[in-house]
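For reference, the structure discussed in these notes is given below.
The values are calculated or read from the model by the stated rules, or taken from the named source; none is laboratory data. Values in this document were obtained by computation on a predicted structure and should not be read as measured data. Neighbour counts run over all protein chains shown; Cβ positions are idealised from the backbone, glycine included.
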Ligand SMILES: [Zn+2]
């Protein structure tokens, strides 16, 4: 049983369907108090369902049955009204602009307990537990490369894959901006299949770079440079296998 602190926000409207996606954010403001005030300010017109403080306190702002305003413009797995489809969690951290720092253990533990609780109520697949930067890679970087996605996956939430060295080796060298042809085409198709909103095509263009950078921030956090090295591609292939296994299981269930 989680001890929520009630902090209602007026910034929500109605859902049309139950949520089946989870979007994680960082607050990106100097303090948690400032972020909480903004998320409750009717003039700001932004909100989230929950805010998790660095000390582990969890504030509930919007009921899960309502559509909170946290995601904005973006797309994941073809869904272009991510607010309508998702539950949004703001995680207190100053972010890249005000002194990005590690997420404290108490905060991560509280977040994991919160996600356990949310997923006991709603059917949310692992491949739909994403970063704000995944659905809006052209304008968002949160919760960023310091967020412990691996630890979250080990606790049972979200996808994570670490390829064996032979698999990385087999995929060979770098793909990067300006490359054209089958390699770039397969990369783009794979990113699209996982969920990113980039169009099919054979050019490693600026849009591809944006998606690769977002992918790395989530799933290859020690290399966030928009260059798809063998390990970036091996991780993508492994994640696609996990995601499609999950989809098949979902259908069978
Ligand atoms: Zn965000």
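General remarks:
- Test for residue 28: is it at positive phi and touching a residue at least 12 places away in the same chain (Cβ under 8 Å): yes
- Among strands (runs of 3 or more DSSP E) entirely within segment 54-150, having at least 1 residues that are closer than 17 Å to residue 32 by Cα, modelled with pLDDT of 95 or more and away from the ligand (no atom under 15 Å from the Cβ) singles out 58-60.
- Where residue 158 falls short, out of the listed (1) more than 26 Å from residue 5 (Cα to Cα); (2) more than 16 Å from the ligand (Cβ to nearest atom); (3) modelled with pLDDT of 95 or more: (1)
- Filtering segment 184-206 to residues that are assigned to a helix (DSSP H, G or I) and either surrounded by fewer than 17 Cβ atoms within 10 Å (Cβ to Cβ) or without any contact (Cβ under 8 Å) to a residue 12 or more places away in the chain (or both) leaves 185, 186, 189, 192, 193, 206.
- In segment 65-119, the residues that are touching a strand residue (DSSP E or B) at 6+ places or on another chain (Cβ under 9 Å), under 18 Å from residue 3 (Cβ atoms) and surrounded by fewer than 18 Cβ atoms within 10 Å (Cβ to Cβ): 113
- Residue within segment 1-11 that is within 13 Å of the ligand (Cβ to nearest atom) and either under 22 Å from the mean Cα position of the chain (by Cα) or under 19 Å from residue 141 (Cα atoms) (or both) present: no
- Selection from segment 28-50 of residues that are closer than 17 Å to residue 114 by Cα and within 12 Å of the ligand (Cβ to nearest atom): 48
- The lone exception for residue 177 - which of (1) under 24 Å from residue 126 (Cβ atoms); (2) touching a helix residue (DSSP H, G or I) at 6+ places or on another chain (Cβ under 6 Å); (3) touching a residue at least 24 places away in the same chain (Cβ under 8 Å) it fails: (1)
- Flag for residue 123 being within 18 Å of the chain's Cα centre (by Cα), surrounded by fewer than 16 Cβ atoms within 10 Å (Cβ to Cβ) and within 20 Å of residue 19 (Cβ to Cβ): yes
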